[in-house]
1. Could you grab me the full set of residues in region 23-41 that are assigned to a helix (DSSP H, G or I) and touching a residue at least 40 places away in the same chain (Cβ under 8 Å)?
2. Report, by residue number, each residue of region 6-22 that is in contact with a strand residue (DSSP E or B) (Cβ under 7 Å, 6 or more places away or on another chain) and either surrounded by 15 or more Cβ atoms within 10 Å (Cβ to Cβ) or outside any loop (DSSP other than H, G, I, E, B) (or both).
3. Evaluate the following for Ile61: is it modelled with pLDDT of 90 or more, closer than 30 Å to Pro121 by Cα and either more than 11 Å from the chain's Cα centre (by Cα) or not acidic (Asp, Glu) (or both)?
4. For region 94-114, which positions are exposed (fewer than 14 other Cβ atoms within 10 Å of the Cβ) and either in a loop (DSSP other than H, G, I, E, B) or of a type in the set (Asp, Glu) (or both)?
5. Going by the structure shown, is Glu127 part of a strand (DSSP E or B) and surrounded by 12 or more Cβ atoms within 10 Å (Cβ to Cβ)?
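The values are calculated or read from the model by the stated rules, or taken from the named source; none is laboratory data. Being a predicted model, the structure only gives us computed values, none of them experimental. As a convention, Cβ positions derive from the backbone with ideal geometry for all residues, glycine included, and neighbour counts pool all protein chains shown.
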Amino acid sequence: MGFFARFRPVLLTVEACRCFAQDPCFEKIKRSFESIGFKWQEELVDKLKTSSNLDRVTSLIMDKAFFLPDRFEILIDARGFRPEDIKCMLTANSLEVSAQKEDRTDNAQKRISLTRQYVLPQNAVPEKGQCCLSSDGMLLVTAPWLR
């Protein structure tokens, strides 16, 4: 791969997954949370059952980035969006996530959007990036580092 080819954006396909607690797609990031002492099962799975704790719990885990020796993992709050609403553009040194949707009723129209931009601390391999959206609205973007 040439030098400039690494910096061309790659549009990642957003895969629909089961809930965060059950889908194998999220196994590595669950281990990352555990490695920093965050008991995701207690904090997330148990408390997500009650809406009164939802915002507190999601603020603890959402929009978290892990920069590991072999890859990065970023978890984003994308509740309310479907995979087809989300666009993830990855280059060797940056990630841009955007989502938009419109909700229409008989007398109202509501537009909802999400935008996140990240500068990566080292070069990633965009072609090997993965993007998963859990049924409970957690968007995981991950890719290995260039070696």
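1. Once the filter is applied, which keeps residues that are assigned to a helix (DSSP H, G or I) and touching a residue at least 40 places away in the same chain (Cβ under 8 Å), region 23-41 yields Cys25, Phe26, Lys28, Ile29, Ser32.
2. To start, the set of residues in region 6-22 that are in contact with a strand residue (DSSP E or B) (Cβ under 7 Å, 6 or more places away or on another chain) comprises 9-17, 20.
Correct list: Val10, Leu11, Leu12, Val14, Glu15, Ala16, Cys17, Phe20.
3. Details: modelled with pLDDT of 90 or more: no; closer than 30 Å to Pro121 by Cα: yes; either more than 11 Å from the chain's Cα centre (by Cα) or not acidic (Asp, Glu) (or both): yes.
Here the answer is no, as Ile61 does not meet what is asked.
4. First, the residues of region 94-114 that are exposed (fewer than 14 other Cβ atoms within 10 Å of the Cβ): 100, 102-113.
Answer for region 94-114, where residues must be exposed (fewer than 14 other Cβ atoms within 10 Å of the Cβ) and either in a loop (DSSP other than H, G, I, E, B) or of a type in the set (Asp, Glu) (or both): Glu102, Asp103, Thr105, Asp106, Asn107, Ala108.
5. Numbers: part of a strand (DSSP E or B): no; surrounded by 12 or more Cβ atoms within 10 Å (Cβ to Cβ): yes.
No: the conditions fail for Glu127.
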